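Nothing in this text is a laboratory measurement; each read-out follows from the coordinates by a stated rule. Computed from a predicted structure; not experimentally measured. In this analysis, Cβ positions are derived from the backbone assuming ideal geometry, glycine residues included, and neighbour counts consider all displayed protein chains.
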Amino acid sequence: MRGIMRTAKPLSCFLVVALLVPSRSARAELVATDAVITPARTPESDRTRVRALLDRREVQAQLEQYGISAEEAAARVDALTDSGDRTHRRPTH
């Protein structure tokens, strides 16, 4: 019993002090998804990022291994549309 009391007394003192000392309060708010995701993201800025990737030597080397020239890849990026229509249709023969 004495062993428990020796442990409980310092623990209870610590808990009393911890509860009496003012602490910083936490604050939580709801945040819209659009505010968290990059707000200035536009199709043109996305194309700019892809073009910057195409300028890197290691990307160009990998494209060459796939049989695509850097110029062809840049032309494909420039040909992308901003429509937002992401449905893929199979060609009918």
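Using the per-residue mean of other Cβ atoms lying within 10 Å as a proxy for protection, in what order, highest first, do the peptides 16-29, 54-67 fall? Before the final figure, lay out the partial values.
Working: 16-29: 6.5, 54-67: 10.9.
Sorting 16-29, 54-67 by mean packing, highest first, produces 54-67, 16-29.
Find which of 73, 61, 42 sits farthest along the positive direction of the dipole of the stretch 41-81, computed with +1 on the beta-carbon of Lys and Arg, -1 on that of Asp and Glu, about the Cα centre.
Of the options given, the answer is 42.
Give me the distance in nm between label points sitting 7 Å out from Cα along the Cα-to-Cβ direction at residue 74 and residue 23, one decimal.
Computed distance between label sites residue 74 and residue 23 equals 5.8 nm.
In nm, to one decimal, how far is the residue 61 label point from the residue 14 one, both placed 7 Å along Cα→Cβ?
Each label point is offset 7 Å from its Cα along the Cβ direction, giving 5.6 nm.
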